[in-house]
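A short write-up of the structure that comes next.
Quick note: the coordinates plus some simple rules give every number you see, no bench work behind them. Since the structure is predicted, the reported quantities are computational estimates derived from the model, not experimental observations. FYI the Cβ positions are ideal-geometry reconstructions off the backbone, even for glycines, and counts take in every protein chain you see.
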């Protein structure tokens, strides 16, 4: 089926939660809703599911207007951030519950539950109760309940947030595979850019109830259509430095001059915000035109096997994304190399006006 | 802790508590035990009687009848109040000023002292000036709690239901509020019926508060005294004489200290035993089946 949200507005108690979202999801597509807390991800999912009707706008499924059709008459399933299972039913009965409600024959239910449980690696837990399972197993059970139905639309509302790091990666990879062969639309909400990148498919970037950008995940990541979109879809967030572009050079903060990339010369001279990804800043020069900056260390955040290094130049702060674990002391002076050929440029309205050329095989975070 | 360090000063810390418990529970109870095994005739005249009082109390026909009445009463009010309380909790508004208004209205009966409740209902059911008594008479229904035992029973049960169902409703209401909204959403997406939501989500999550509700209501109703005493005085005949009223008549009215002390102990043990059996059964059931509550 295809799902089309047409100019959706949703206002709760006078506060707009969703404003003017227009989004068409293709049959069989995997879609990520990316946005910070309160960006409107959950609200949008509730509207897609039909848990509540939008204040304005239409929801079209396969060409039919279903805006006011209740959730009970739609074929949807949903997985939540909390692990939601029937507490007094076994794993088997939990997974079987949608089929039992639909009055499928016993033998068919048996077979389906077996298949789903095997797919989710919980076939040995079928006789247990949810309380006796670990968080990951509970969430697998909840996913089983969502998957067994052959729903037209499956919604995942930050399903992995409450799980530990390792388990999250494992389930995320499996989830992607589960959907390869399916013809339903999957929608997956997350706050983490890396999760969106790992899941692939399409990504819709949401911010304060508005849709900033929608497209294939890779493309949205590489070619953000604006400053907000770029900031939402990068972790650590892309570095933004205000500067002035003249015919030949760029000036940061009236003091730092450097010659600009040929392609940037095509832009009108004026004030711009320049963006550079945290992973493009380095501690060793990579190219001759890299700009060396003298900075001081604020803090080094170690996340898994990566280090987020926060530093400040005289006038502006920067974040570096380094692989491996590095130790720095506070206020330690450092030289940081700034890749002048890899600058994004945003105009003062926040629209993207320049995207750097892709570097073959460059690592992105 | 395996490596015990001998330190007798710890006892000092326990002492205040021991003194408190001694005065609040142990000494009064022991006094009763003391009376229950003796026949006290005067300050210096007492005889040890052993288990004689206990035997005579257990074989007393009037007390056996009162015990049966007491058990029936507790069972009837539990059978009415628990389902009714759950029902009320389910239809109570969930938020907004309506929720507060309903909560306050529903709590009012709980704030009225026992004997006042008895008086209210005594007046309410009078045939000459009581709204209910007069109304029923005008409708041509014969109704008289001082003459008809059935009428008296119905009225006492009605009164207790009116007075105490709010407690059950409030406990259930708090239990229901603690169920995350996502469960209801998930159930709607699963197309579960209202009954299925109640049976598989709400009831399992209510088990813990229901155990408390049943225990409290059982103990309360088993000790009921002031309300029926004021309303019917135990009559007509002894149709509504419950255990505590029999006890009061014996201890205060007739000054039979020995028998009433023995009777008090039996009374106490029955309540303790029933509560303990009920609680352990439920807890064991939960151990065999899944532990309820929690996410």
Translational D in µm²/s for region B:148-255 (Stokes-Einstein at 25 °C, 0.890 mPa s, Kirkwood Rh from C-alpha pairs): 146 µm²/s
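Below 8 Å, C-alpha to C-alpha, sequence gap of six or more: please give me the relative contact order for chain B in percent.
Contact order relative to length: 27 percent.
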Size descriptor, Kirkwood hydrodynamic radius, that averages inverse alpha-carbon separations across region A:1-107, Å: 15.8 Å
Region A:239-354: mean projected area of Cα convex hull, nm²: 7.2 nm²
Two-site label geometry, residue A:161 and residue B:115: point separation in nm, points 7 Å out along Cα→Cβ: 5.8 nm
DSSP-defined beta bridges in region A:3-232 - what % are antiparallel, rounded to 5: 55 percent
Shielding of A:84-94 by partner chains, average beta-carbon count, 10 Å: 5
Principal semi-axes in Å for region B:61-288 [√(5λ), Cα gyration tensor, largest first]: 36, 25, 14
Distance between modelled label sites at residue A:302 and residue B:14, nm, 7 Å Cα→Cβ extension: 4.9 nm
Cα convex hull of region A:127-278 - mean projected area over all directions, nm²: 12.5 nm²
Cα pair distances exceeding 15 angstrom across region B:92-150, given as percent: 63 percent
Cα pair distances in region A:256-324, grouped into 5 Å bins until the bin that holds the longest one, percent each: 3, 12, 22, 24, 17, 12, 6, 3, 0
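Quick check on the exposure proxy: order A:343, B:68, B:90 from fewest to most C-beta atoms within 10 angstrom.
B:68, B:90, A:343
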Helix-only CD estimate at 222 nm, as mean residue ellipticity for chain B, using -39500 (n - 2.57) per DSSP H run (n ≥ 4): -21500 deg cm²/dmol
Cα Rg, Dmax, region B:95-201, angstrom units: 20.0, 58
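Kindly put B:242, B:47 in sequence by how many other C-beta atoms sit within 10 Å of each C-beta, fewest to most.
With the fewest neighbours first, B:242, B:47 line up as B:47, B:242.
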Neighbour-count order for A:184, B:172, fewest beta carbons within 10 angstrom listed first: A:184, B:172
Tilt relative to chain A, helix A:106-119 - C-alpha long axis, 0 to 90 degrees, to 10: 20 degrees
Viscosity 1.306 mPa s, temperature 10 °C, Stokes-Einstein D of region B:189-246 from Kirkwood C-alpha radius, µm²/s: 110 µm²/s
Rg and Dmax [Cα atoms of region A:49-157; Å; Rg one decimal, Dmax integer]: 15.3, 47
For chain A, calculated [θ]222 nm from helices alone, where every DSSP H run of n ≥ 4 adds -39500 (n - 2.57): -6500 deg cm²/dmol
Cα-based Kirkwood hydrodynamic radius, region A:3-232, one decimal, Å: 18.2 Å
Average projected area [Cα convex hull, region A:14-61], square nanometres: 3.9 nm²
Separation between Cα centres of region A:129-162 and region B:122-173, rounded to whole Å: 52 Å
Principal semi-axes in Å for the protein assembly as shown [√(5λ), Cα gyration tensor, largest first]: 72, 32, 25
